[in-house]
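Engineer: Pasting in a structure now, in structure tokens, and then I'll have a few things to ask.
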Amino acid sequence: MNRLRDDAALAGAAALFVVYALTLAPDVTYWDAGEFIAAAHSLGMPHPPGTPLYVFLLNVWGKMLGFLPFAVATNLFSAAATALAAFVSVRMLQRGYPAASRPAALAAALIAGGMSSVWINATETEVYAASLALGVLMIAAGDLAGRHGDLAGGRRWTNITAYLMAIAVPLHLSALVAAPVAIALASWSDAGLRWRRAFLLGGVMAIAMGTGRMSLWMTVAGAVLVVVSMPRRSLGVLAVTALSISALAMMYIRAQHDPAINQGEPDTWRAFVDMVARRQYDVAPMWPRKAPLWIQFANFGQYADWQAALALGPTVMPSLLRTAFTVLFLYLGFHGARLQWQQSRRAFLIVGGLFLCGALGVLVYLNLHAGPSIAWGILPANVPREARERDYFFVFAFWAWGLWAGIGAVHLVRRSGRPAWAAVAIALLPIALNWRAVTRRQEPERALPRVTAEAFLRSTPDSGVLFVGGDNDSYPLWYAQEVHGIRPDVAVITIPLLPTEWYRRQIMRRFSLLDSAQVRRYDGRMQVASRIADGARALGRPVAVAMTLNARERERLGERWTVSGVAYVEDGARVDTAASLALSRWVEERLGTRPPRAAIDPVNSYFRRVLNCPRQLSDSAVRSDSTRLDSACNYW
């Protein structure tokens, strides 16, 4: 009991879990969370690659915590996964860092878990928290395999490492960022390098990557490498690998029953392959670069500047005070890395390898477009950009740097003659300096996404067909309908999904708004949307358009529109003043009138402006004045 009570790994993980619980989203959030929650609730398929194991784990976890609202339970899954990653990371550091006192281990956990991108993932239903936990477990298994050498324990942990690498395919391939580190650790011992083991696990990694990309040559090459490297053990390793990957079959089996969330509709072999390989999207090759390499590195530097003190400058623009703390933690990290290199090369490989793979490896492999907030005035105005900031892609790197910063903080404090535990105060700085910027317990994130979804549904007439514009329009609505049963009579049509034939089939099968010939025909998404609107009119169903669609798109769907809340309803009057004011009062009761706090992601402020549109439009109708309307209303 004393050992447990004093254990820094347990203390760090528990402290982080409490922090995450106190700042946890009490409901759905924007971006992918609504889709993941709805998919978990229906045991369905979110967007490609489908992440079937993640969905299954969320479903089971949500049922285990059935006394909580489903969204709160699934959000807590992310908190628990990140706390687990902290526990395992610190335990590895304690094994490999001789001078690591409990304060050093605790400081490392707190700083790593306090990085803003890590924290944000830990308080919503997002797969990257589970991916971080899997990656850390993978490294820990590889470390134990190397430490046990050629003994039975070494072989057992090698098999476990292979299993964890392969299970990244049905969970999320981003966990494979940690695979090279796990392979290096499993192959390195005091007796030297075990090249056969390196090739064996390298083959498993190739199988996992090949399966995730649905590349037959890469998968076969990986299997051959496994067999050639260790013929006697290859059958067992291949069996373990196949067992992990077999979780993908859940998508194919479940798709036969057409769950409420059934993106990609992988009920045939071809559709299943397309789903796993993400062929619905334009997956970038590593060359040519989608943005100048220096821009991609600058993007990483920009995201790094958001990690330690985001509340001091919660915008995409640089902040002198925020950046001062960034420099402080950069220094602590460099000092910790140097100290770890001097005292334990193996421990340095754990953290340094994870940082290198999570920063340079991710940057080179993903080949991202320029972020939405960088290099304006330098790049051409019409250059393609990422749809949102991608700081969460680099979470492994920020995690590793946090671990180093914790080690560096304790060493510097001890060298100054102060007690090592004083460094814990430094370790708490990221938590203190990020809290106001990342907490989801306050508005706008406490309720705004749910209110937005309900507002769109409230604005749609009974049995209406509502056209919406994208992820943040669609996913909270799917969540509201599937998890809470709010307005299931409304047929939500997501226009960006109309180019996919599987989605057109679902519209035909579920709503009878297209026929089989129209499903096969594709001549542009707005042409398809227009035919769906015609199908709704033929069935006597009202047509509504979310205010987030622009006026030109609305005109393609009809000619006479009435503003009703946050939607345009086909009618012909100018503004339904009574309905709009009623919605405004309901929104203000739920959210209050305070503007949203400053944030990196503009999605909250955008939807808050959209929810203000009914009152603005009602006022303009009374004054016959629309010159000062917010552009978010898309009035003209």
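Engineer: Find all pairs meeting these conditions: Cβ atoms under 6 angstrom apart; at least six residues apart or on different chains; first residue within the range 578-591 and surrounded by fewer than 18 Cβ atoms within 10 Å (Cβ to Cβ); second residue of a type in the set (A, V, I, L, M) and part of a helix (DSSP H, G or I).
Structural biologist: Matching pairs, first to second residue: ARG590/VAL451.
Engineer: Considering the range 205-220 alone, what residues qualify as being in a loop (DSSP other than H, G, I, E, B) and open to solvent by 40 Å² or more (accessible area, probe 1.4 Å)? Spell out how you get there, then give the answer.
Structural biologist: Restricting attention to the range 205-220, the residues satisfying the condition of being in a loop (DSSP other than H, G, I, E, B) are 214-215.
Correct list: MET214 only.
Engineer: Next up: Cβ-Cβ below 7 Å, separation at least six or inter-chain, first residue in the range 174-188 and touching a residue at least 60 places away in the same chain (Cβ under 8 Å), second open to solvent by 30 Å² or more (accessible area, probe 1.4 Å) and not in a helix (DSSP H, G or I): which pairs?
Structural biologist: none
Engineer: Something else about it: Collect the residues in the range 420-468 that are open to solvent by 40 Å² or more (accessible area, probe 1.4 Å), closer than 30 Å to ALA304 by Cβ and either part of a loop (DSSP other than H, G, I, E, B) or touching a helix residue (DSSP H, G or I) at 6+ places or on another chain (Cβ under 8 Å) (or both), keeping them in residue-number order.
Structural biologist: Scanning the range 420-468 gives TRP421, ALA422, ILE426, LEU428, LEU429, TRP435, ARG436, ARG441, GLN442, GLU443, ARG446.
Engineer: Against the definition (within 30 Å of ASP27 (Cα to Cα), outside any loop (DSSP other than H, G, I, E, B) and β-branched (Val, Ile, Thr)), how does VAL492 come out, yes or no?
Structural biologist: Details: within 30 Å of ASP27 (Cα to Cα): yes; outside any loop (DSSP other than H, G, I, E, B): yes; β-branched (Val, Ile, Thr): yes.
The answer is yes for VAL492.
Engineer: A further question follows. Find the residue count for the range 224-236, including only residues that are open to solvent by less than 30 Å² (accessible area, probe 1.4 Å) and closer than 29 Å to LEU366 by Cα.
Structural biologist: Qualifying residue count for the region: 1.
Engineer: Scan the range 191-204 for residues that are open to solvent by 20 Å² or more (accessible area, probe 1.4 Å) and in contact (Cβ under 8 Å) with a residue 40 or more places away in the chain and jot them down.
Structural biologist: Of everything in the range 191-204, those that are open to solvent by 20 Å² or more (accessible area, probe 1.4 Å) and in contact (Cβ under 8 Å) with a residue 40 or more places away in the chain turn out to be ALA191, ARG194.
Engineer: While we're here: Answer yes or no: is there a residue in the range 170-188 that is in contact with a helix residue (DSSP H, G or I) (Cβ under 9 Å, 6 or more places away or on another chain), outside any helix (DSSP H, G or I) and farther than 29 Å from ARG270 by Cα. Walk me through it before giving the result.
Structural biologist: Of all residues in the range 170-188, those in contact with a helix residue (DSSP H, G or I) (Cβ under 9 Å, 6 or more places away or on another chain) come to 170-188.
Then keep just the ones that are outside any helix (DSSP H, G or I); that gives 172, 188.
Among the residues that remain, those that are also farther than 29 Å from ARG270 by Cα are: 188.
Scanning the range 170-188, I find at least one residue that is in contact with a helix residue (DSSP H, G or I) (Cβ under 9 Å, 6 or more places away or on another chain), outside any helix (DSSP H, G or I) and farther than 29 Å from ARG270 by Cα, so the answer is yes.
Engineer: Do you know which residues across the range 405-419 are open to solvent by 10 Å² or more (accessible area, probe 1.4 Å) and among the hydrophobic types (A, V, I, L, M, F, W, C)? So that I can check it myself, show each step before the final result.
Structural biologist: Keep residues of the range 405-419 that are open to solvent by 10 Å² or more (accessible area, probe 1.4 Å), which gives 411-419.
Scanning the range 405-419 gives LEU412, VAL413.
The values are calculated or read from the model by the stated rules, or taken from the named source; none is laboratory data. Since this is a predicted model, take the numbers as computed values, not measurements. So basically every Cβ, Gly included, is an ideal-geometry build from the backbone, and we count neighbours across all protein chains shown. Just so you know, the surface numbers come from the protein's heavy atoms only, side chains and all, with ligands and any DNA or RNA stripped out. Shrake-Rupley method; radii C 1.70, N 1.55, O 1.52, S 1.80 Å.
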